[in-house]
Amino acid sequence: MNEQGSQRRVVIVGGGFAGLFAARVLRRAPVRVTLIDRRPHHLFQPLLYQCSTGILSEGKIAVPLRDLLRKHKNADFVLAEVTGIDTDGRRVLATRPLGDQLEFGYDYLIVAAGVQQSYFGHDEFAQWAPGMKTIEHALVIRRRVFGAFEMADTAVDPAERSRWLTFALVGAGPTGVELAGQIREVATKTLRAEYRHIKPEDARVLLFDGGDAPLAPFGPELSAKAARTLDKLGVEQHMHSIVTDIDATGLSVRAQDGTVTRHEAGTVLWTAGVAAPPVAAAIAAATGAKQDRAGRIMVGDDCTIPDHPEIFVTGDVMSLNKLPGVCEVAMQAGIYAGERIKHEVAGKMPAKPFRYRDLGSAAYLSRGRAVVSVGRVHLSGFLAWVVWLFIHISFLTGLRNRLGALVSWWPAFVRDVRRERTYTTEQVGLVRSTYDVLPPSTADTAPSATGTGPSGRAG
Ligand SMILES: Cc1cc2nc3c(=O)[nH]c(=O)nc-3n(C[C@H](O)[C@H](O)[C@H](O)COP(=O)(O)OP(=O)(O)OC[C@H]3O[C@@H](n4cnc5c(N)ncnc54)[C@H](O)[C@@H]3O)c2cc1C
């Protein structure tokens, strides 16, 4: 593959923001681009929480990479998982979905593999507490959140009912805060009039974090405002709390004074911590690159690995000047890598070092309330929410998805209607209940199982 012709070969690992924006820059360059991703779609992760809470369908936040690249005459898409590289032979090694090996020669390599959920050394928590990084996660969370209300409705034992109506979230960063607010809105608005045996608004949402306050990276002022808004929404905030154990029926949490408290919860969601994917370690081993504590690859200010000017690392998996893992960094680094390759191929002087332009950050709290931080400008409340709306519409990939999101947001924001609440209770071809708790990674591929759900009932 890719051995013909005189054009330089650029292999891009990952079709997220960094990889896609690099491919876009190279669209008209005299190079041959191969974009490899283990998933067939480009995902807009910032709106995953809306997919999991029934506002947006998965199709509105993900676009097939083939569709996005269809007008790139110099680009090919490959569905495969990159496992390593051979720097001497300049080959990328990958595995097809059914397991056999592929190889791709490269003259330039752009590593844009993002990050994955980290359970801080407790991977066993994953089976009880799904993370929030992929479409699979969002759909598992949708099943668990809406399924929990159904389980509560038919529970005879008041303790079991109360457990199903308790949702615990670990991590009070933007994702945890957004998800916590959404679950309270689902309970108090969307489902309010739909149940006859429970009051959905009784649902408790517990938010745990080891730090001082929610949304700490937004600074003390916005963080305090976010905490007040969460209070008003009815989210119970447990700061300075370290989760020590999670199981089928709840979690244990250690407070600052060392006391460990058990909380019964039918749904536990993990929104804390990220780590580089395994391919980062393989690339670091092959190139001698250093990795930071989260496993991200450390690069120079031209986004390349020291002594490997042909290998760029961009986006979340890149470790450079403590830049945050946000879309803007990924897009700008992807564009930079693409521009630099274009420059070199054209025989021009090397481009300037990578400089990140911080365009700020935003987090959604609830309908009509958000926080936005742009340099010294700090906004909260309705104005921030309008800015949030504008930012997300502009950054969503594809016109169809932008229009689709607007059409879905209208009933959700104006009438509390969430149209995307569909979830499966059994997988096609498998006899398995929604409420069997399985690790997200195996949830959709597990063989037939008839285990009991967290309630102890047959599923
Ligand atoms: C729930 C959530 C909410 C967020 N909210 C915001 C927000 O509000 N604002 C903001 O700026 N940022 C937000 N972010 C962060 C933002 O989404 C990331 O910074 C951005 O997606 C990083 O882009 P990337 O291209 O580096 O990685 P990604 O977008 O993660 O893309 C990486 C790609 O690489 C592929 N890949 C990984 N390993 C391999 C392999 N071995 N072989 C082949 N392919 C591979 C993956 O399938 C994926 O498609 C959020 C993230 C999450 C999870």
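The values are calculated or read from the model by the stated rules, or taken from the named source; none is laboratory data. As the structure is a computational prediction, the values presented were derived from the model and not from experiment. Here Cβ is always computed from backbone atoms with ideal geometry, including for glycine, and neighbour counts include all displayed protein chains. Just so you know, the surface numbers come from the protein's heavy atoms only, side chains and all, with ligands and any DNA or RNA stripped out. Shrake-Rupley method; radii C 1.70, N 1.55, O 1.52, S 1.80 Å.
Quickly run through the stretch 97-149 and pick out the residues that are free of Cβ contacts under 8 Å to residues at least 60 places away in the same chain and of a type in the set (Ser, Thr, Tyr).
If the condition is that a residue be free of Cβ contacts under 8 Å to residues at least 60 places away in the same chain and of a type in the set (Ser, Thr, Tyr), then no residue fits.
Of all residues in the stretch 192-207, count the ones that are under 21 Å from Ile242 (Cα atoms) and either hydroxyl-bearing (Ser, Thr, Tyr) or buried (at least 24 other Cβ atoms within 10 Å of the Cβ) (or both).
Within the stretch 192-207, residues that are under 21 Å from Ile242 (Cα atoms) and either hydroxyl-bearing (Ser, Thr, Tyr) or buried (at least 24 other Cβ atoms within 10 Å of the Cβ) (or both) number 2.
Gln50 versus (1) near the ligand (Cβ under 7 Å from one of its atoms); (2) more than 24 Å from Ile85 (Cβ to Cβ); (3) not aromatic (Phe, Trp, Tyr): which is the lone unmet condition?
(1)
Of all residues being more than 26 Å from Lys60 (Cβ to Cβ) and part of a helix (DSSP H, G or I) in the stretch 119-147, which is most open to solvent (accessible area, probe 1.4 Å)? Just the residue, please.
Out of the qualifying residues, it is Asp123.
Exactly one of these conditions fails for Arg70: (1) assigned to a loop (DSSP other than H, G, I, E, B); (2) open to solvent by less than 40 Å² (accessible area, probe 1.4 Å); (3) away from the ligand (no atom under 12 Å from the Cβ); (4) not acidic (Asp, Glu). Give me its number.
That leaves (2) as the condition not met.
Name, by its number, the condition in (1) in contact (Cβ under 8 Å) with a residue 40 or more places away in the chain; (2) out of contact with any Pro (no Cβ under 9 Å at 6 or more places or on another chain); (3) under 30 Å from Arg228 (Cβ atoms) that does not hold for Val268.
(2)
Of all residues being more than 8 Å from the ligand (Cβ to nearest atom) and in contact with a helix residue (DSSP H, G or I) (Cβ under 6 Å, 6 or more places away or on another chain) in the stretch 303-330, which is nearest to Gly16 (Cα to Cα)? Just the residue, please.
Phe312
Every residue, every condition in (1) closer than 30 Å to Ala180 by Cβ; (2) out of contact with any Asp or Glu (no Cβ under 6 Å at 6 or more places or on another chain); (3) of a type in the set (D, E, K, R); (4) assigned to a loop (DSSP other than H, G, I, E, B), yes or no:
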position	(1), (2), (3), (4)
Ser6	no, yes, no, yes
Val11	no, yes, no, no
Phe21	no, yes, no, no
Val33	no, yes, no, no
Arg39	yes, yes, yes, yes
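Output the residues belonging to the stretch 231-247 that are open to solvent by 30 Å² or more (accessible area, probe 1.4 Å) and either in contact with a Phe, Trp or Tyr (Cβ under 9 Å, 6 or more places away or on another chain) or among the aromatic types (Phe, Trp, Tyr) (or both).
Across the stretch 231-247, the qualifying residues are Gln237, His238, Met239, Ile242, Asp245, Asp247.
Within the stretch 84-96, track down each residue that is in contact with a helix residue (DSSP H, G or I) (Cβ under 9 Å, 6 or more places away or on another chain) and touching a residue at least 40 places away in the same chain (Cβ under 8 Å).
If the condition is that a residue be in contact with a helix residue (DSSP H, G or I) (Cβ under 9 Å, 6 or more places away or on another chain) and touching a residue at least 40 places away in the same chain (Cβ under 8 Å), then Gly84, Ile85, Asp86, Thr87 are the ones that fit.
Can you find, within the stretch 150-191, the residue that is surrounded by the fewest Cβ atoms within 10 Å (Cβ to Cβ) among those that are part of a loop (DSSP other than H, G, I, E, B) and either among the β-branched types (Val, Ile, Thr) or in contact (Cβ under 8 Å) with a residue 12 or more places away in the chain (or both)?
Val156
Among the candidates Arg184, Arg161, Arg192, which residue alone is in contact with a helix residue (DSSP H, G or I) (Cβ under 8 Å, 6 or more places away or on another chain) and at pLDDT below 95?
Exactly one of Arg184, Arg161, Arg192 is in contact with a helix residue (DSSP H, G or I) (Cβ under 8 Å, 6 or more places away or on another chain) and at pLDDT below 95, namely Arg192.
Would you point out the residue of the stretch 82-98, among those that are assigned to a loop (DSSP other than H, G, I, E, B) and away from the ligand (no atom under 14 Å from the Cβ), that is nearest to the chain's Cα centre (by Cα)?
Leu98
Report the residue count in the stretch 12-35 for those that are within 15 Å of the ligand (Cβ to nearest atom) and either at pLDDT below 95 or more than 24 Å from Glu328 (Cβ to Cβ) (or both).
Residues meeting the conditions: 1.
When you scan the stretch 4-43, how many residues do you find that are open to solvent by 70 Å² or more (accessible area, probe 1.4 Å) and of a type in the set (Ser, Thr, Tyr)?
Total satisfying the criteria: 1.
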